[in-house]
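Novice: Dropping a structure here in structure tokens format, bear with me for questions.
The values are calculated or read from the model by the stated rules, or taken from the named source; none is laboratory data. Computed from a predicted structure; not experimentally measured. Glycine gets a Cβ as well: all are built from the backbone with ideal geometry, and neighbour counts include every protein chain shown.
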Amino acid sequence: MKSSSRSRPLGQWFADFGRRSFEFATSPLAFQRAAFGYALAVLSVAVALGVALLLERYDFRGVEFPLLRFAVALTVWYAELGPGILSVVLSSLVFNFFFTEPLHSFYVTRSELPYYIVFLLFASLVAFFAGVRRRVERDLLQSRGELEATNKELEAFAYSVSHDLRAPIRHISGFTELLQKNAASDLNDKSQRHVAMILESAKRMGNLIDDLLAFSRIGRKEAHSTMVSLQQLVQEAQNEVVPETGGRNINWKIGSLPVCYGDRSMLRLVLVNLVSNAVKFTRTRPQAEIEIASTNHNPDQIVVFIRDNGVGFDMKYVNKLFGVFQRLHGPEAFEGTGIGLATVQRIVHRHGGIVWAEGLVDGGATFYFSLPKSQGV
């Protein structure tokens with residue numbers, strides 16, 4: 001009984017090992033990787049041999065050993081252990097056949113053994129460091145995969161929670177409005193203030209949930225990139241934020257804006273958020289000034305900026321600007337959920353650009369973002 005209980009797991013282990021080996025050997029990716037490794041081994045040794053023989057014709061002696069070592073190092077560094085062993089064997093045979101006495105023979109004398117020992121030690125050292133490099137790369141890839149999976153789970157969680165919270169918030173708002181309408185005569189001033197506070201809080205919660213849903217959708221939505229006119233998007237963003245101006249006199253300075261490559265709906269959301277922020281934070285100014293223009297930092301990208309003369313911010317808090325729920329001004333001074341700039345950053349990063357800001361307390365703020373000029377950047 002004992003022997004059978006031990007042999008069964010051992011047999012299963014060999015079966016699993018054989019199955020995994022077969023799957024690896026028959027995998028197209030594994031076959032291509034192995035073929036590349038062995039081809040690299042043969043090609044690198046052949047090139048090293050050719051260069052050494054060519055230099056020998058011009059009386060350059062003693063270069064064959066470094067060249068063959070370089071061929072081994074190249075193979076071991078970029079391929080697996082099997083191709084590395086092949087390159088060591090081929091280099092040893094080539095060195096013995098073409099460059100040691102007697103020439104064109106595979107006979108090895110005792111005086112040549114130190115060369116082979118040094119050669120093998122060098123190859124082993126390179127193989128060790130190459131193995132460390134590959135192990136670090138695998139760990140980094142695994143960590144990256146786990147991080148991406150965690151981010152997707154968090155996005156799905158935020159989307160699910162936000163979506164499920166919308167109905168209860170609507171019910172709270174709806175029934176509170178009915179209470180305010182039908183029972184207003186039965187409520188004293190204090191109770192009416194409480195009802196008004198419930199409505200205001202429900203409204204803020206509804207806005208927060210809507211912004212969270214929009215933020216989650218950015219990570220889940222598939223991008224449809226085309227050539228986009230930024231001039232037209234700015235005009236649409238201006239039209240959308242008109243109700244927020246409250247009839248204020250705003251001095252708009254719109255510069256020449258080029259065409260860029262990206263998802264039109266996402267980029268429109270970027271400009272709406274940034275223009276809306278500029279309108280909001282210039283509310284305390286008797287004469288608001290908002291400038292939108294672009295600069296070119298290199299031939300492949302454009303940089304768009306939105307500058308205002310609003311309340312600004314302290315630059316020591318600039319790293320908090322683009323975090324979710326991060327606010328530098330209290331809700332009693334300026335409304336908002338603290339998600340708009342995080343959404344802007346996520347969209348710009350998805351387009352391969354960056355976003356940053358400059359500001360001064362009571363001296364206005366400028367928000368910049370970069371975008372690719374054309375496809376393939």
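Novice: Out of Arg144, Arg134, I need the residue that is assigned to a helix (DSSP H, G or I), out of contact with any Asp or Glu (no Cβ under 6 Å at 6 or more places or on another chain) and under 25 Å from Leu40 (Cβ atoms). Which one? Write out each step before concluding.
Specialist: Working: Arg144 fails: under 25 Å from Leu40 (Cβ atoms).
Matching residue, one of Arg144, Arg134: Arg134.
Novice: Being farther than 29 Å from Ser229 by Cα and at pLDDT below 85 is the requirement here; does His297 meet it?
Specialist: Values: farther than 29 Å from Ser229 by Cα: no; at pLDDT below 85: yes.
No: the conditions fail for His297.
Novice: While we're looking at this one, here's another question. Pull up segment 79-106, narrow it to residues that are under 42 Å from the mean Cα position of the chain (by Cα) and free of Cβ contacts under 8 Å to residues at least 40 places away in the same chain, then point me to the one that is nearest to Arg33 (Cα to Cα).
Specialist: Top of the filtered list is Ile85.
Novice: With the checklist (1) surrounded by 11 or more Cβ atoms within 10 Å (Cβ to Cβ); (2) out of contact with any helix residue (DSSP H, G or I) (no Cβ under 9 Å at 6 or more places or on another chain); (3) in contact (Cβ under 8 Å) with a residue 12 or more places away in the chain in hand, flag the one item Asn249 doesn't pass.
Specialist: (1)
Novice: Follow-up. What about Gly255, is it farther than 15 Å from Ile347 by Cα, touching a strand residue (DSSP E or B) at 6+ places or on another chain (Cβ under 9 Å) and assigned by TED's automatic domain parsing to the domain that holds Gly340? Can you show your working first?
Specialist: Working: farther than 15 Å from Ile347 by Cα: yes; touching a strand residue (DSSP E or B) at 6+ places or on another chain (Cβ under 9 Å): yes; assigned by TED's automatic domain parsing to the domain that holds Gly340: yes.
Spelling it out, Gly255 is indeed farther than 15 Å from Ile347 by Cα, touching a strand residue (DSSP E or B) at 6+ places or on another chain (Cβ under 9 Å) and assigned by TED's automatic domain parsing to the domain that holds Gly340.
Novice: For the condition among the basic types (Lys, Arg), at pLDDT below 80 and surrounded by 14 or more Cβ atoms within 10 Å (Cβ to Cβ), what is the one hit in Arg264, Arg204?
Specialist: Details: Arg264 fails: at pLDDT below 80.
Residue meeting the stated conditions: Arg204.
Novice: Something else now. Residue check: is Ser374 modelled with pLDDT of 85 or more and either over 30 Å from Arg204 (Cβ atoms) or surrounded by fewer than 18 Cβ atoms within 10 Å (Cβ to Cβ) (or both)?
Specialist: On the way: modelled with pLDDT of 85 or more: no; either over 30 Å from Arg204 (Cβ atoms) or surrounded by fewer than 18 Cβ atoms within 10 Å (Cβ to Cβ) (or both): yes.
So Ser374 does not fit the description; no.
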